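The values are calculated or read from the model by the stated rules, or taken from the named source; none is laboratory data. This one's a predicted model, so the numbers in the text were calculated from it and none came from an experiment. Cβ placement follows ideal geometry from the backbone for every residue including glycine, while neighbour counts extend to all protein chains displayed. These area figures cover heavy atoms from the full protein model, side chains too; ligands, DNA and RNA do not enter into them. Shrake-Rupley method; radii C 1.70, N 1.55, O 1.52, S 1.80 Å.
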Amino acid sequence: MNENLIKEIINKVLKSAQLVLTLAYLMAIGVGMLFNYHKYDAFDINIFDYSSIFDFLIAPFADFKIVVFTVVTLCLTYLLFKGDAYWKKKFPNSYSKSIFNLEQYSWYRNLRHIMHFVIFVWYLVMAAQYYGRSSYKNTLIQEPVKIEYAGGEVLEGIMIGKTSDMLFMYSDKEVKAIPISANLKTIQIKY
């Protein structure tokens, strides 16, 4: 084979991999933002008011469940599209019957892509809402933590989560947003 052809193929594969990884990371950020929104919304916290860009850039990796969900979602989506293409190619008659012979119409192709997108977004929102409800229940059964301010004041409650600037606690049936720069002396996790 020609050496230039090999280099050209390698460059195309690398550019394609970069695009796929970039799109996967952007999707992970979006999923992380959606999941974090629902996690904090269960406590009536609008996390967008307290978060910085950095918080959302690391959001997909802040919780292992979000990482697993994103990877599984990407793999399942890929497998569904490949399975659909395989079914259409190998068994065109049964495929055509399953979609009520709609592929013969010119508008069907666009509608199909739109419906895939709508179902995918619906799936993400439903999963994020479930994650928010389960995070809420799991948070309420956690062990309480103690926060000691530099002045000696102690606050006890359940830690909901934190951003780079704020710590969220559930104490005395109230949600408290505590600035991390508020001269905290210690955060005692177990006692």
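Using the alpha-carbon atoms, what tilt in degrees (0 to 90, nearest 10) does helix 64-90 show relative to the longest principal axis of the chain?
Orientation of helix 64-90: about 10 degrees from the principal axis.
Set Lys and Arg Cβ to +1 and Asp and Glu Cβ to -1, take the dipole of the chain about its Cα centre, and tell me which of W122, L34, L76 lies farthest positive.
The residue sitting most towards the positive pole is L76.
Using the beta-carbon distance between I141 and A24 and R0 = 45 Å, what value does 1/(1 + (r/R0)^6) give for FRET efficiency, to the nearest 0.05?
Using R0 = 45 Å, I get an efficiency of 0.85.
I9: accessible area at probe 1.4 Å, nearest 10 Å²?
80 Å²
May I have the pair-distance distribution P(r) for the stretch 28-134, computed from all Cα-Cα distances with 5 Å bins from 0 and rounded to whole percent?
Here the calculated profile for the stretch 28-134 is 2, 11, 16, 18, 14, 10, 9, 8, 7, 3, 1.
Which whole-number value in Å² is the accessible area per residue of the chain, probe 1.4 Å?
Ligands and nucleic acids excluded, the figure is 71 Å² per residue.
Could you put Y123, Y149, Y95 in order of accessible surface area, largest first, with the 1.4 Å probe and the full protein assembly present?
Largest accessible area first, the residues go Y123, Y149, Y95.
Straight-line reach from K146: which aspartates and glutamates have Cα under 16 Å away, leaving out those fewer than 8 places along the same chain?
Counting by Cα, and skipping residues close in sequence, K146 has these aspartates and glutamates nearby: E156, D172, E174.
In what sequence, largest accessible area first, do T77, T22 appear using a 1.4 Å probe?
T22, T77
Any chance you could run the full-extension gain for K12 through D165? It's 0.36 nm times the residue separation minus the Cα-Cα distance, nm to one decimal.
Details: separation 153, 0.36 × 153 = 55.08 nm, distance 4.19 nm.
Gain on stretching K12 to D165: 50.9 nm.
Keeping all protein chains in the complex and leaving out DNA, RNA and ligands, what accessible area do you get for E153 with a 1.4 Å probe, in Å² to the nearest 10?
Approximately 120 Å² of E153 is accessible to the 1.4 Å probe.
Tilt of helix 3-41 relative to the longest C-alpha principal axis of the chain, in degrees (0 to 90, nearest 10)?
Roughly 40 degrees, rounded to the nearest 10.
Return the carbon/sulfur percentage of the accessible area of the chain, one whole number, probe 1.4 Å, all protein chains in place.
64 percent
Could you work out the relative contact order of the chain, using alpha carbon pairs under 8 angstrom and six or more residues apart, expressed as a whole percent?
Contact order relative to length: 20 percent.
With all protein chains present, calculate the accessible area of E156 using a 1.4 Å probe and round the result to the nearest 10 Å².
Answer for E156: close to 90 Å² accessible.
Note down the net charge around A177, summing +1 for each Lys or Arg and -1 for each Asp or Glu among other residues with Cβ under 15 Å from its Cβ.
The answer is -4.
From zero outward in steps of 10 Å, how is the percent of C-alpha pairs of the chain spread across the bins?
Cα pair-distance distribution for the chain, in percent: 8, 24, 24, 19, 13, 8, 4, 0.
If each residue of separation counts as 0.36 nm, what is the full-extension length gain between L5 and I158 once their alpha-carbon separation is subtracted? Can you show the working numbers first?
Working: separation 153, 0.36 × 153 = 55.08 nm, distance 6.07 nm.
Length difference between fully extended and current span is 49.0 nm.
Treating only the Cβ of Lys, Arg, Asp and Glu as charged (+1, +1, -1, -1), what charge dipole size does the stretch 1-123 show about its Cα centre? Round to the nearest 20 debye.
That gives the stretch 1-123 a dipole magnitude of about 820 debye.
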